[in-house]
Amino acid sequence: MPSKIPCSILALLFTLTGFAHAADAAGLPRSPAPESAELYFITPQNGAVVAPTFTVRFGLRGMGVAPAGIDAPNTGHHHILIDVDVMPPGNMPLPASEQIVHFGAGQTETDLTLKPGVHSLQLILGNHLHIPHDPPVVSDKITITVAEPQ
């Protein structure tokens with residue numbers, strides 16, 4: 001039966017123990033992913049012009065979605081990388097920030113609000129501990145233009 005550990009407890013554990021920072025070069029255990037797994041944007045599409053607040057829908061083939069803290073085979077949860085040029089380390093939990101947005105409840109869509117201009121978006125799947133799978137399950141990077149408010 002899958003184990004269930006609330007995200008808040010995991011975050012507290014990593015913070016209090018300093019585990020995320022003290023891990024050796026080998027990093028933390030990664031969950032296997034099928035080579036055929038595919039992560040993609042349903043909407044918006046690459047090159048889209050969007051309003052400052054727009055809906056993002058995530059697509060996933062070959063794996064299932066499970067909330068953070070649920071350790072089940074071939075599952076994970078989504079993270080959006082916003083204007084990220086260098087992928088985060090694959091052997092550590094993805095940090096939460098304005099550029100790395102977590103969807104640990106297992107959400108498959110969200111409304112984003114971005115400043116006008118050109119932005120890149122990319123999806124990455126994290127396991128029950130927010131660690132990318134092995135091999136990493138990532139979408140193609142898309143570029144969108146956020147229009148000035150009307």
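The values are calculated or read from the model by the stated rules, or taken from the named source; none is laboratory data. Remember, it's a predicted structure, so these values are computed and weren't measured experimentally. As a convention, Cβ positions derive from the backbone with ideal geometry for all residues, glycine included, and neighbour counts pool all protein chains shown.
Looking across region 91-106, the residues that are in a loop (DSSP other than H, G, I, E, B) and crowded, with 16+ Cβ neighbours inside 10 Å come down to N91, M92, P93, L94, F103, G104.
One residue alone among P136, P52, P149, P73 is modelled with pLDDT under 95 and surrounded by fewer than 18 Cβ atoms within 10 Å (Cβ to Cβ), and that residue is P149. Across region 22-34, the qualifying residues are those that are modelled with pLDDT under 95 and over 18 Å from H130 (Cβ atoms), and the one among them that is surrounded by the fewest Cβ atoms within 10 Å (Cβ to Cβ) is A25.
Rundown of residues vs (1) buried (at least 20 other Cβ atoms within 10 Å of the Cβ); (2) closer than 18 Å to P135 by Cα; (3) of a type in the set (D, E, K, R), yes/no style:
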position	(1), (2), (3)
L39	yes, yes, no
R57	no, no, yes
G62	no, yes, no
D83	no, no, yes
P89	no, yes, no
T108	no, no, no
Q122	no, yes, no
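Scanning region 71-101 for residues that are in contact (Cβ under 8 Å) with a residue 40 or more places away in the chain, within 19 Å of Y40 (Cβ to Cβ) and not β-branched (V, I, T) yields a count of 7.
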